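**Student:** Structure below; questions to follow.
The values are calculated or read from the model by the stated rules, or taken from the named source; none is laboratory data. Because the structure is predicted, anything quoted here is derived from the model rather than measured.
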Amino acid sequence: MQRRTNALHLAGTHALPCAVARVRRELKAVWTSDGIMAKWEETSQGKKRKVRAMRASTNDFERFQIQVAKSKRSAIRKSK
């Protein structure tokens, strides 16, 4: 996932260990060495964005399969 460096809002455990005014290549090096993207993907917001991207990339047949699976789960829940 690509991120603009001027749109970064990291706080807490995801803060970059470098000075504020850095060159993009230095930020990128720190970003990859500390594994910030992996940490961010483990957060709830990262998971939500991953699910949203997955849903946006599905085609009609995949959406139909999801709908059928949801209706089957619902029927099983109602029968219990």
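**Student:** Which condition number does T13 fail, the rest of (1) modelled with pLDDT under 80; (2) over 22 Å from the mean Cα position of the chain (by Cα) being met?
**Tutor:** Single failed check for T13: (2).
**Student:** Considering only helices (runs of 4 or more DSSP H) fully contained in the range 35-80, which possess at least 2 residues that are among the hydroxyl-bearing types (S, T, Y)?
**Tutor:** 60-79
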